[in-house]
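Please treat every number below as a calculation from the coordinates, not as lab data. Here the structure is a predicted model, which means the values were calculated and not measured. All Cβ positions, glycine included, derive from the backbone under ideal geometry; neighbour counts span all protein chains shown.
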Amino acid sequence: MPDPSARRPVVEMRGISKTYGPVKALTDADLTIHEGSIHGLVGANGAGKSTIIKILAGIVRPTAGTILVNGKEVTHLTPSSVEQLGVHFIHQDRLLVPTATIGEAIFLRHEPRIGPFVNHRAMNRQADELLKRYFDLTLPPGKLVRELTTAQQKIVQITRALAQKARVLVLDEPTAALVKREVDSLFGVLRRLRDDGIAVVFISHYMSEIEELCDAVTVMRNGTVVGVVDPRETPIDRIVAMMINRDMAEMYPPRKATIGAPMLEVGGLTLEGAFRDISLDVRAGEIVGLTGLLGSGVKELVQCLFGLKAPDSGTIRIEGEVPPLRSPIHAVSARVAMLPEDRRAHGVAMGLSVAENISLASLGRYARSGLVSRRREAEVVDGLIRELSIKTPNRTNLVRNLSGGNQQKVAIAKWLSCQSRVYILDEPTVAVDVGAKVEIYTLLNRLAAEGAAILLMSSELEELVGMCDRTLVIYRGEVTHEFARGGVDTDQLLAAASGAQPARRKEMA
Amino acid sequence: MTMTDTAPRAARSGLTRKNLGAWAIRLGALAMFAAILIYFAATARGFANPYNIMNVVEQSAILGLLAFGMSVVLIGGGSEVQTGGIDLSLAANTGLCAAVFANCMQAGVPEAAAIAAALVTGMVIGLLNALAVVRLHILPLLATLAVMNIAAGLELTVTQNTVISVSSPFLMGLAMGSFLGISSLAWVFIVFSALMVWGVHFSRTGLRLYAVGGHREAARASGLNVGRYVTGTYVFAGLCAGLASVLIVARLSSSTPGTGQLLLSVLAASLLGTVFSRRFIPTMGGTILSVLFIGFLANGFQLSGVSSYWVNGVQGALILLVVAVTSFARPSEG
Amino acid sequence: MTTSTMPCLNTEHLANYAVLGAFLAILIYFSVAAPGFLSADNLFNLVVNNVVLLAIVALGMTIVISSGGIDLSVGISLDMAAMVFVMLLAAGMSGGISVAGGIAAAGVVGMLNAILITRLRISPFLATLGILFIGQSVQRLATQGGQPIYLTRAEYAGTFNAIARSTFLGIPTPVWVMAALAIAVWVLLHRSVFGRYVRALGAQPGVAWYSGIRVPRNTAMVYILCAVLCGVSGIILSSTVRSYVPLSGDGYLLDAIGATFIGTTLSAERRPSVIGTIMGVLLLGVMRNGLLLIGWNFYWQQVGIGVLVFAVLAISFGLKGRAD
């Protein structure tokens, strides 16, 4: 392997800063990518990884700093200009045209032709060659993108970049939803590309893969670069420690948990292709954490608990009963509440007022013979606004105008108005500022103290460590770890979620 | 560190079963087409007559031209039907162009200039649609609905709801002439079809148009100017309206009110065409097949003595059938 | 992250008042320029002929658009009701049964829409488009190509008069019907639980679903209600002209959409509302009437209305798009 220091840097980002009003997303960050290397980029959620990549991709403009490509400074990057410089991005959301054939997808905007005719045969032949050369993969030429598996679509994305003679390939979480065999194959390709002199930027949460693949890793935290290390020499624990912010230990309000009867009991739940044989329970007054990487099955599990997806087998018991959870309608009448991850699409309606949102799931409470009693609604809503300290000038203000934290409080208020007993929270404090986070944690404690059962799914590991009585880790479809409060720290959680620790689950009492 | 491969496979969307279903639909559609043709050939007097067949092809020229325009708009607008592209003003636009053309001819304007006026009118209306959809972000269905009424109203003001008779050697030649035994109108259809097949399936612009309609974000990320492509589709549809209007005036030797009635058939042809394509998106081949299908269907009804009022309803029902069936067959996108 | 910036807010508020201002301007203009505009006769005529029927249809359209959908088949519901109403009368049925039959026919159209949209998952646009064309065909077939059914004989006059020509406190019954329906739809849309569900569907259907709202059932109700309202209009129309004229419903579609969207400009968030829609109906009615009086022929009227609706759509969508 060539000596890293002898390789020339092909992309240099120096002193990059990005502020959004008062929020500092990036402060003086540096990122240098050498040719012929695989460079990892790691950091917890909100550490600035995606911001710096978006700046390189020309999607976001930096507030300060310089970018050099091949030694020359570049300004005013746009997605097309960046591609022309040879820097290609393989996004997490597969930006491919679903109805295109493989050949068309690979050669969009660079179609081979004979005179005025697009040469479909050459296009398919070249696509075939590229796939065989780089991936040892043979696919029927006319296959449509939407007929491919996720892994194959990723491969098509990468092949498109390679067909354009990419010099730098930036892969954002490429191995989510890939099985080990496909991951190995992808790694083989990336290594070959590296040996050919191409620079690969590998963004991932999977520490084991970072260790296996990368020559160098840039670690980010809180919008700055904490360090650049060689994973072959620096142990993973040390890297993970660099990622975690230890200053926020005081954020989690203390509580005394009085644990009651089981409110949510899941037994042997299986969903083909997502998770297998999951069993867990959450009792009244308990906050149980749930975490897993993208593709681990944890999202699908949560959807099944709210009636959004039907599991193939297994039981879900709510307060001892087995409700027919065929849709959210049933979940809500079983007094299950859900705070979804996509607040905008599923959590609160941006175009409706605070009051309208809060009363949405419990209108029966405010209505008499089908008509809404605005007076009663106003009383209850104003009360909830006060109780939860929702910052809004009045209850008729549109939710769109509130900050993320307050929007989340409106969502919680909606379920309080419903008197839900089981709360399922999916990344509840994402895009919520620190102050509001503490308030939400206090709220959750209060809910639990009043006897609710809370299942908290989160990828913010400090949150799980700080809030939960127990935390379960899902890895590739199965519950692999269960930690009790005080018995785990964030490094262990991250390691467990990344599969870096051998599976270990306490016996359920 | 050894890790056993316990990970669940990436979800396969039941590919084989869905593929078979898709095949079944396409074969079924073709089979239905063939079956209906055979039925009419057997029961309707004169259906299988070569003159009759040529007549149908000839009549399809006008519908075909318009259906091509509509299909192009559908392709560029995408299959997400809520926000997808559509041009409800196409038939009214055609009527307006015909009125302009006939009026110009009657006023003594030289023929070439009159034809140019028709084409320009069509494209201007198309540009208006494009402005509404691309610049003002109005939903295509609403925008073109409003423009449809503007065009229909303008047509009425130009014609005063009367028939304007027009005749000229060129138009006569267009309507009745023939070359190598095939009528001029049929030639127009054939030539235009060939151009469309090249333009949409074998040119770079066509492929990129499919990308724009297939996944707007992906197209943008690849550097395509989405706005320009969508504008182009509406202007092209307007051009088709202009061309079709010349053919209509030639055929009828006049411009007559009621061109707006064509809208249903045009929509039917373009929407039905999707069922013949492997990807369930509008294609030129599919459009040609549906245009002929509709032509033969109407012709068969006529020859069998079935009231023509059934045709519209049958077309509407077919549209619904096709949409329902293709939305089930299309694998749900994650 | 808040999105308001001063210029944006200004143009929105401007647009709110723009339509109101345009309405007043048009009223004033026609009062001056059009002879006889302000005469009691004309105003009466204006309201009864141009406003009542459209208003009721537009009320239905308002409900549908509030839910985030569209109904292109409003004319069909209107026509079906008129057709069944007149046919039942012609067959000798009593007035009450004929009215009930007409309403039921409209309800069937609404139910068909509902099934296509909620069960077969066809988009509202395509579903109602299909119904529109099928409905046109059905009418042509039932009447041998569009022949109206005239019931001018005295035996039918009783029913027709009761509906269209009777007055109460000096105001024609159809106006009372319109007023009553307007109030009812206002209560439904702005004060009832169902109205909240409809608005949630229109604002963010995903949130409605995740909040446990019965999305299919409420969606179906929306389309059935709209159809029934159009049916009422159809019965009043046929009572007024003492006949069933096929395909008369076609003319209401654009105006109903236009009126609803004119109404949205009254609210900052571009929400449809009953009051806004009524305003829109009045605006359109005044435009038609005024243009007629100052001598614009029918065809230019259509162009004028088309341009007006276009402008309204531009304001409603153009500014909303920027605010997002």
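Quick notes on this one:
- Set of the stretch C:251-289 residues, backbone N closer than 19 Å to the point 7 Å along the Cα-Cβ line of C:A179: C:274-283
- By the Cα gyration tensor, the stretch C:177-272 has an equivalent ellipsoid whose semi-axes, rounded to whole angstrom, run 29, 16, 13 from largest to smallest.
- Per-residue shielding of C:63-72, expressed as the average number of other chain Cβ atoms within 10 Å of the residue Cβ, stands at 1.
- Gyration tensor over the Cα atoms of the stretch C:36-315: the corresponding equivalent ellipsoid has semi-axes (square roots of 5 times the eigenvalues, largest first) of 29, 24, 18 Å.
- Phi-derived couplings, Karplus 6.51 cos²θ - 1.76 cosθ + 1.60 at θ = phi - 60°, listed residue by residue for the stretch A:199-215: 9, 10, 9, 10, 9, 7, 8, 7, 4, 4, 6, 4, 4, 6, 9, 8, 7 Hz, with x used for Gly and Pro.
- One equal scatterer on each Cα of the stretch A:344-420, no solvent, Debye formula: the resulting log10 I(q)/I(0) at q = 0.18, 0.25, 0.26, 0.27 Å⁻¹ is -0.62, -1.19, -1.28, -1.37.
- Loop sites in the stretch C:92-178: trypsin sites (Lys or Arg not before Pro), DSSP, at most 15 other Cβ within 10 Å: C:R121, C:R153
- Stretchable slack from C:N161 to C:A104, in nm (0.36 nm times residue separation minus alpha-carbon distance): 18.4 nm
- Taking the stretch C:129-162 and a reference point 7 angstrom along Cα→Cβ of C:V241, the backbone N atoms nearer than 17 Å belong to C:136-137, C:139-153, C:160-161.
- Coordinate range along principal axes, alpha carbons of the protein assembly as shown, Å, largest first: 95, 76, 58
- For chain B, alpha-carbon Rg and Dmax in angstrom: 21.6, 90
- Distances between placed amide hydrogens fall under 5 Å for B:L136 paired with no residue 5 or more residues away or on another chain.
- Within 10 Å of each Cβ in A:104-110, the average number of Cβ atoms from other chains: 5
- Take each residue of peptide A:286-293, count the partner chain Cβ atoms within 10 Å of its Cβ, and average: the result is 0.
- When C:D79, A:D172, A:D196 are arranged by Cβ crowding within 10 Å, least crowded first, meaning fewest neighbours, the order is A:D196, A:D172, C:D79.
- The calculated FRET efficiency for A:T32 paired with A:A241, based on their beta-carbon distance and R0 = 22 Å, is about 0.45.
- Here the contact order of chain B, divided by its residue count and restricted to Cα pairs under 8 Å and six or more residues apart, works out to 31 percent.
- By other beta-carbon atoms within 10 Å, ranking A:K391, A:K165, A:K18, A:K409 with the fewest at the front produces A:K165, A:K391, A:K18, A:K409.
- Using just its DSSP H runs of length 4 or more, each adding -39500 (n - 2.57), chain A gives a mean residue ellipticity at 222 nm of -9500 deg cm²/dmol after division by all residues.
- HN-Hα J in Hz across the stretch B:50-56 - Karplus 6.51, -1.76, 1.60, θ = phi - 60°, x for Gly and Pro: x, 5, 5, 4, 4, 4, 5
- For A:D184, A:D136, order by how many other beta-carbon atoms lie within 10 Å, fewest first: A:D136, A:D184
- Each peptide in B:163-175, A:284-296 receives the mean, over its residues, of other Cβ atoms within 10 Å, and ordering these scores from highest gives A:284-296, B:163-175.
- Spin-label model distance (nm) - B:I53 vs C:S94, 7 Å beyond Cα toward Cβ: 6.3
- In the protein assembly as shown, a dipole from Cβ-located charges (positive for Lys and Arg, negative for Asp and Glu) runs towards its positive end, and of B:A24, B:T162, A:G383 it is B:T162 whose Cα lies farthest in that direction.
- Within the same chain, aspartates and glutamates fewer than 8 places from A:K49 are excluded, and of the rest, those with a Cα less than 14 Å from its Cα are A:D28, A:D30, A:D172, A:E173.
- Share antiparallel - DSSP beta bridges, the protein assembly as shown, percent rounded to 5: 60
- Pairs beyond 21 Å (Cα-Cα), from A:K309/A:K437; A:K24/A:K437; A:K24/A:K414; A:K256/A:K391: A:K309/A:K437; A:K24/A:K414; A:K256/A:K391
- For chain A, the C-alpha radius of gyration sits at 1.06 times the compact-globule guess of 2.2 N^0.38 Å, with N the residue count.
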